[in-house]
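Asker: Structure below; questions to follow.
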Amino acid sequence: MSKQGKLKIIPLGGLGEVGKNMTAYEFHNQILVVDAGIMFPTNDMVGIDYIIPDYEYLRKRADKVIGIVITHGHEDHIGAIHHVLNDIPAPVYATPLTLGLIEGKLMRNNASAKTSLNKVQAGGSVEIGPFKVEFFHVCHSIPDAVGLGITTPAGLVVHMSDFKFDQTPVDGWPTDFAKLAEFSRRGVDLLLSDSTNSERAGWTPSEKVIGPAFEKVFADAKGRIIVATFASLISRVQQVADATAKLGRKMTLAGPSMVDNVKIARKLGYLDIPDELLVPIDQALKMQDHKVVIMCTGSQGEPSSIVGRLSSGTNRQFDLKQGDTVVLSSHPIPGNEETISKTINRLLRKGANVIYDAIAPVHVSGHASQEEQKLLISLVQPKHFIPIHGELRQLRRHAKLAVEVGVPEQDVMVIENGQIAVLAGGKITLGERIPGDYVFVDGESVGDVDFDIMRERNKLARNGIFLIDISVDKLNGRLLHDPEIITRGFVSQEDAEALMPEVRKRIMDVVNEGYDNEKDIVNAVRTYLYDETKRKPMVLVTLSKG
Ligand SMILES: [Zn+2]
Ligand SMILES: [Zn+2]
C-alpha cells in the first residue's frame, strides 16, 4: 500500500521523565491525543500538588483535536484529563474501567464533561477522522489496559503504553499476542513503547508472586494490617482482598480515592470482592485488631496520604497502634526515595512493623523488563522505533535494545517532550520543536507557579525570611519610627535578637544617607547577615511614606 500524507508524532509528556504521559498524533490538521497524565512533584518542588503536561500546542488548535484516547486508568495517564477537557472538549475513548475512573475523577473535580465519553472494548476499533484506532488488551498493574494500533494513510503506528507480558495475570487476561502478530503481518511503520524498566534485565515477575508474599506477611501479623498502595493499582487491591479472605480477616478501605476506585471497579466487575469481606471503616476500627486489614493510600510516603498522616500522627479517623503491620506495596517513584525512607522510620518509631519490598516481595513492577521489551519489538517487527515513558537514560537504553533485536540504528529515534517526529513516505524525520515543559498545579492555580517562584520557595525553605517594615516622612525622607523586623526560618529567635541592633543601625545609615530605593537597604542588610551568619535569608523591605 502506498503511503500518503504526513503524520506528526507530538510528544507532550513522558519522554525524558517518568510521568505525565501525553502524546498527540496529527494528520492533515486533525489531532488525536493519547493519554493525559500527571506527574508527582519531587521534594524540591515546594508546595506543588502535581504537574501536568504543557499542551499549549493543543490548546491553540483545540478545534482540530478530534479525539482523546486513554490507554489505562493510572494517574500518569488520566490525571490531567479534567484540565485538558476544560480547554479542549474533544470526545474521550477508553475501556470500561478506565472510563469509570475518568468519570470518578471528573466528578471529584466538579468537572462535568462538556463532551462525550465513549466506551470501547479491547479487541474493538473506532474511526476517529483519519485515524483508525484498534484497541488490544495488554497486561499491566490495572485491569482493562490497552495498547493502540493507529492506522492513517501515512502508515500504521503501534502505540504500546504501559505493559508487561504476564503469563499468569491476576485477572487471568493475558496480553493480546495475536493482535501484535497481526499488526506485524500488516507491516508496522512505527512502534512506540514503554521504557520504564529498560535498565532491568530479564523478565518482570508475574503479579502472581505477590499472592504468597502477602499471605506470609498476613499470617505473621499479630495486630492490624495496613496495606498502602496507589489507589489506581486495582490488581493489588484484588490480591490484598484474596489474602484477607484466606486469613479470615475483614477488609476496609480508607481514603476517598481508594473508596471511589474500588467502588467503580467492583461495580464494573473488575474486582471480585464479596460484600461480606468488606466492612465500613468505623466498624473495622471497633473490631479486634487481628481481624482487620486496612487498605489505603500512601505507599510513596506522600504527606497528605493516609500513611503519611499516620506516620506524623495527624490522621483524623484513626491512629497507628503498637503492633500494627504496615505494608508499603509499590516501588519508589524516582525522587521519592528519601520521603519514603523517612516515612518508614517514623512508622517504626511509632511501634509499627513495616514491610516494604526491600524485605519482602510485596510489590512487582507493572512494566516490561528488557526481555519483554525485546520480545515486543521482535514480534511487531517495526520499521521505526521511538522509545516512550522514561527518563533520557531509559529511553536511550531502550533504543539500544531495539537495535540489538534488529531495528536499524538510523530508524530508531530518541526524542524528548516537545520534539516532533514526522512519519511520511515510509520514513521518519525530526520535525519542529514546540513547548513540552512542566505546568505546575498548586491548588486552584494552574501554570501560574513557574520555575522562578519555585526557586523563591526553595530559597525561603532553605534559608528563611527576613522582613523589614519601615515608614519614612514623605517630605524629608527621615524614618518615622524604628524599623520593624520579623524573621522566620532563619536563625533562632535569640540569635536574631542579637543581630537586631546592628541591623537597625545599618538600615538607618542607608535611609539617612538618602538612599535611592529599597534595594540599597536589602543589600546592606544582606551583606551584614551574611558576614555574621554565612547564611542568605530572603530579605524583603516594605516601605510606606507618611
Ligand atoms: Zn500504568
Ligand atoms: Zn504509566
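Asker: In whole angstrom, how far apart do the alpha carbon centroids of region 167-190 and region 54-71 sit?
Answerer: 28
Asker: Quick check on my link table: of Lys105/Lys291; Lys8/Lys60; Lys119/Lys383; Lys164/Lys342, which ones sit more than 23 Å apart, alpha carbon to alpha carbon?
Answerer: Lys105/Lys291; Lys119/Lys383; Lys164/Lys342
Asker: In region 84-115, what trypsin sites (Lys or Arg not before Pro) fall in a loop by DSSP, with at most 13 other Cβ atoms inside 10 Å?
Answerer: Lys114
Asker: Show me the GluC sites (Glu not before Pro) within region 406-487 that DSSP assigns to loop and that have at most 16 other Cβ atoms within 10 Å of their Cβ.
Answerer: For GluC sites (Glu not before Pro) across region 406-487 that sit outside H, G, I, E and B with at most 16 neighbouring Cβ atoms in 10 Å, the list reads Glu416, Glu444.
Asker: Given Lys132/Lys427; Lys179/Lys208; Lys3/Lys132; Lys222/Lys267; Lys114/Lys179, which pairs have Cα atoms separated by over 22 Å?
Answerer: In this structure, Lys179/Lys208; Lys222/Lys267; Lys114/Lys179 exceed 22 Å between Cα atoms.
Asker: What ranking do 316-326, 157-167 get when scored by the average of other Cβ atoms within 10 Å per residue, highest first?
Answerer: Answer by packing, highest mean first, reads 157-167, 316-326.
Asker: Also: Could the peptides 304-311, 368-375, 493-500 be put in order, highest first, of the mean number of other beta-carbon atoms found within 10 Å of their residues?
Answerer: Highest mean packing first, the order is 304-311, 368-375, 493-500.
Asker: May I ask you to order 221-234, 517-530 by the average number of other C-beta atoms within 10 Å around their residues, highest value first?
Answerer: Peptide ranking by packing, descending: 221-234, 517-530.
Asker: Which whole-number percentage describes the relative contact order of the chain, with Cα contacts under 8 Å and a sequence gap of 6 or more?
Answerer: So the answer I get is 16 percent.
Asker: Take every Cα pair under 8 Å in region 249-308 that's 6+ residues apart, average their separations, divide by the length, and report that relative contact order as a whole percent.
Answerer: It rounds to 48 percent for region 249-308.
Asker: Sum -39500 (n - 2.57) across every DSSP H segment of at least 4 residues in the chain, then divide by the residue count to get the 222 nm mean residue ellipticity, nearest 500.
Answerer: -9500 deg cm²/dmol
Asker: Express the relative contact order of region 301-360 as a whole percentage, based on alpha carbon pairs under 8 Å and six or more residues apart in sequence.
Answerer: Value for region 301-360: 41 percent.
Asker: Would you kindly compute the Cα radius of gyration of region 308-404 and its largest Cα-Cα separation (Dmax), both in Å?
Answerer: Cα only, region 308-404: 19.5, 59 Å (Rg, Dmax).
Asker: Please give me, ordered by residue number, the chymotrypsin sites (Phe, Trp or Tyr not before Pro) of region 105-155 that lie in loop per DSSP and have at most 16 other Cβ atoms within 10 Å.
Answerer: none
Rule-based calculations on the coordinates, nothing more; no lab input. Please read all numbers here as calculations on a predicted model, not as lab measurements. Ideal geometry is used to build each Cβ from the backbone, glycine not excepted, and the neighbour counts take in all protein chains shown.
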